[in-house]
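Here the structure comes first, spelled out in C-alpha cells, and everything after it is commentary.
The values are calculated or read from the model by the stated rules, or taken from the named source; none is laboratory data. Note that the structure is a prediction, hence the values are computed from the model and not measured. Cβ: placed from backbone, ideal geometry, glycine included. Neighbour counts: every protein chain shown.
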C-alpha cells in the first residue's frame with residue numbers, strides 16, 4: 001500500500017458553503033490556533049490593532065478606577081492622560097457620547113470581574129504567548145484559559161463548601177493547567193490565584209448562598 005506525501009496544513013482560510021468570511025476566520029483560529037493561518041491573523045491584528053486596543057484598555061481601566069474611587073485627584077489625572085493617549089493613538093476627538101460609552105464599558109467590566117478569575121497576564125510571571133480563542137469566543141473551558149477559570153472556580157467552591165483536601169479536584173486542575181503552561185506555578189503565582197478565589201468566595205458566593213454553605 002502506497003502513501004502519498006504528508007498533508008500540509010492550510011495556508012489560507014477555506015470558507016465553507018453558507019459560511020461568512022468572518023465565521024471562517026473564527027473557526028480556523030479555534031480549530032488550529034497554532035496553524036499558519038491563525039498565526040498570520042494574530043500577527044495582522046497585533047500590527048494594526050494592538051496600539052488602539054491598548055489605548056482603549058488603559059482608558060477603560062482608568063475609568064473603572066474613577067468609578068471605584070470618585071473624587072481621587074490622582075485617578076482623575078490618570079483618566080485625563082488616558083483620554084489624551086486614546087485621542088492621539090486613534091486620531092479622534094473624545095466626545096461626551098464616546099466617553100459615556102467607555103464609562104458604561106468600565107461599569108460592565110467591573111461587574112464582570114466579580115465573576116471571573118484574575119487575568120493570567122496579571123498573575124503569571126511569564127506571559128502566555130498563544131491566545132485561547134475557544135474561551136474568548138464561546139466560553140469553551142478546555143483550553144488554557146478555560147482550565148485557569150475552572151481552577152479558580154474550584155478553589156473558591158472548596159472554600160465555600162469546606163471541601164476536604166483529599167476530595168478536592170483542585171490538584172488535578174492545577175496539574176492540567178501547569179501541563180498546558182509548560183511549567184509549574186510558583187509560590188507567588190499560586191498565592192495570588194488563591195487569594196483572588198477566596199475573595200470571590202467571601203464577597204460574591206457567600207452572600208448569594210446566604211452565608212456559610214458548609
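Given the condition in a helix (DSSP H, G or I), free of Cβ contacts under 8 Å to residues at least 40 places away in the same chain and under 12 Å from the mean Cα position of the chain (by Cα), answer yes or no: does some residue in segment 158-167 qualify?
No; the residues of segment 158-167 include none that is in a helix (DSSP H, G or I), free of Cβ contacts under 8 Å to residues at least 40 places away in the same chain and under 12 Å from the mean Cα position of the chain (by Cα).
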### All positions within segment 121-132 that are surrounded by fewer than 15 Cβ atoms within 10 Å (Cβ to Cβ) and not in a loop (DSSP other than H, G, I, E, B)
121, 122
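Rundown of residues vs (1) closer than 19 Å to residue 98 by Cα; (2) modelled with pLDDT of 70 or more; (3) surrounded by 12 or more Cβ atoms within 10 Å (Cβ to Cβ); (4) over 19 Å from the mean Cα position of the chain (by Cα), yes/no style:
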{"site": "18", "(1), (2), (3), (4)": "no, yes, no, yes"}
{"site": "22", "(1), (2), (3), (4)": "no, no, no, yes"}
{"site": "51", "(1), (2), (3), (4)": "yes, yes, yes, no"}
{"site": "56", "(1), (2), (3), (4)": "yes, yes, yes, no"}
### Query
Which pairs do you get when a residue that is assigned by TED's automatic domain parsing to the domain that holds residue 51, found in segment 70-97, comes within reach of a residue that is surrounded by 14 or more Cβ atoms within 10 Å (Cβ to Cβ) and outside any helix (DSSP H, G or I), reach meaning Cβ atoms under 8 angstrom, with the pair 6+ apart or on two chains?
83/94; 86/94; 87/94
## Note on the structure
From the option list 139, 143, single residue qualifying as within 30 Å of residue 25 (Cα to Cα), outside the structural domain of residue 32 (by TED's automatic domain parsing), surrounded by 12 or more Cβ atoms within 10 Å (Cβ to Cβ) and at pLDDT below 95 is 143
### Task
Considering (1) modelled with pLDDT under 95; (2) surrounded by 14 or more Cβ atoms within 10 Å (Cβ to Cβ); (3) in a helix (DSSP H, G or I), say which one residue 118 fails and leave the rest.
(3)
### Task
State yes or no: is residue 136 without any contact (Cβ under 8 Å) to a residue 60 or more places away in the chain and either more than 23 Å from residue 175 (Cβ to Cβ) or more than 13 Å from the chain's Cα centre (by Cα) (or both)?
yes
